[in-house]
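The values are calculated or read from the model by the stated rules, or taken from the named source; none is laboratory data. All of these numbers come straight from a predicted model, not from anything done at the bench. Cβ: placed from backbone, ideal geometry, glycine included. Neighbour counts: every protein chain shown. For the accessible areas, the whole protein counts, side chains as well, though only heavy atoms, and no ligand, DNA or RNA atoms are used. Shrake-Rupley method; radii C 1.70, N 1.55, O 1.52, S 1.80 Å.
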Amino acid sequence: MRGEDMKKIYWLAVLPYLAFLPLMAVVNKTEPYVLGFPLIFFWLIFWACAGSAIMFTIYHFDPINKDGDR
């Protein structure tokens, strides 16, 4: 990928921070239940897993991490 395309992908790293900090106030409820968990607990679990997937995606597409460069 080119450098300007990577800048767009790096912006994905902002999503987990937005989900945890400012949007936490929006979902700070015990009801409804999602998969048997209160909404706030499900929100935390979901974004922890999604954040890991986002970081893996950034790592995978980052040209610095390609084999053969070292």
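Residue ranges 42-54, 26-38, 6-18 sort as 42-54, 6-18, 26-38 when ordered by packing (mean number of other C-beta atoms within 10 Å per residue, highest first). Taking label points 7 Å from Cα along the Cα-to-Cβ direction, residue 10 and residue 65 give a separation of 1.5 nm. Note that the chain carries a Kirkwood radius of 13.9 Å, evaluated over its alpha carbons pair by pair.
Using a probe radius of 1.4 angstrom, the carbon and sulfur fraction of the accessible surface of the chain is 70%. Taking every alpha-carbon pair under 8 Å whose residues sit at least 6 apart, the chain reaches a relative contact order of 38 percent. Summed over the residues of the chain and divided among them, the accessible surface reaches 78 Å² per residue at a probe radius of 1.4 Å.
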